[in-house]
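Step one of this worksheet: look at the structure below.
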Amino acid sequence: MTRTLLENNNRMARILLVDDHDLVREGIGLLLQERGAAAGCEVVGAVSTAEEALDFVRRNPVDVVFLDLRLPGMSGEEAVRRLLAIRPELRILMLSVTSTGPLPRRALNDGAVGYLTKGCSADEMIRAVRKVMDGGRYISQEVAADLVFSDLPGSGEEVASQLSNRELQILRLLAEGMTPKEIAAHLNLSPQTVSTYKKRLNQKLNTRSTVELLRVAMEYGLIEQPG
């Protein structure tokens, strides 16, 4: 029988949890503590922002990161790229309420090796950890089904392909309720530059206001449902 990397290395898979909701972090942490030890998994850290995750990975050995796609400040997608720049061997599993639209594919294209929804069980999380630690990928069934159709004309993926990473970043900050001035300060850009990006977003999505822009973006799955 083929042995997994965990068995070959004879050590636990070290997991970092990244989610801005305290209850989610604590709940996942407890579930993995209860069932993970027997399966060769241990939670070595839990943080609430992408920035904290970057700092943790710089300072501590980590094998697998469960990363929430919707984070305050730096997005989960940007976090994937930066985490892998620090430690290319990291195995990043996205954990999100979103199973449809272009977000799963973009996260996987950015370097994540798996994607699970927050409705998954602890057993599925452990299966995902073992699969990615053995060099594979793990995508939950509902996400995999949607990916089959995501490239069809008129799909969110087709619309997302027209937007740059910066445009998507600004779109998501607008969805968090930030003003263009606040976004400019957050991204170290000029207010004029942010206004230009916002104008491009309205043009590409054929919208005329921020409210309409966010509504259309949500319909195409470019931003997550609030909550």
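Every number in this text was worked out from the coordinates using simple rules, so none of it is lab data. Note that the structure is predicted; figures quoted are calculated from it, not measured. Please note: Cβ atoms are built from the backbone with ideal geometry, for glycine as well, and neighbour counts cover all protein chains shown.
Cross-link reach is defined here as a Cα-Cα straight distance under 16 Å, omitting same-chain residues fewer than 8 places apart; for LYS198 the lysines meeting it are LYS181. Candidate cross-link partners of LYS131 among the lysines, defined by an alpha-carbon separation under 25 Å and a same-chain spacing of 8 or more, comprise LYS118. Using C-alpha pairs under 8 Å with a sequence gap of at least 6, the mean separation divided by the residue count of segment 162-219 gives a relative contact order of 33 percent.
Using R0 = 41 Å, the C-beta based FRET efficiency linking ARG59 and ARG166 works out to 0.90. Here segment 162-219 is assigned +1 on the Cβ of each Lys and Arg and -1 on the Cβ of each Asp and Glu. Its dipole about the Cα centre then comes out at about 180 debye. Arranged from fewest to most other beta-carbon atoms within 10 Å of their beta carbon, VAL113, VAL18, VAL97 become VAL97, VAL113, VAL18. Each other residue within a Cβ distance under 15 Å of LEU16 adds +1 if Lys or Arg and -1 if Asp or Glu, for a net charge of -3.
Find how much the distance from GLU89 to GLU34 grows on full extension, using 0.36 nm per residue of separation minus their present alpha carbon separation; answer in nm with one decimal. Walk me through the intermediate numbers first.
Numbers: separation 55, 0.36 × 55 = 19.80 nm, distance 2.65 nm.
Roughly 17.1 nm would be gained on extension.
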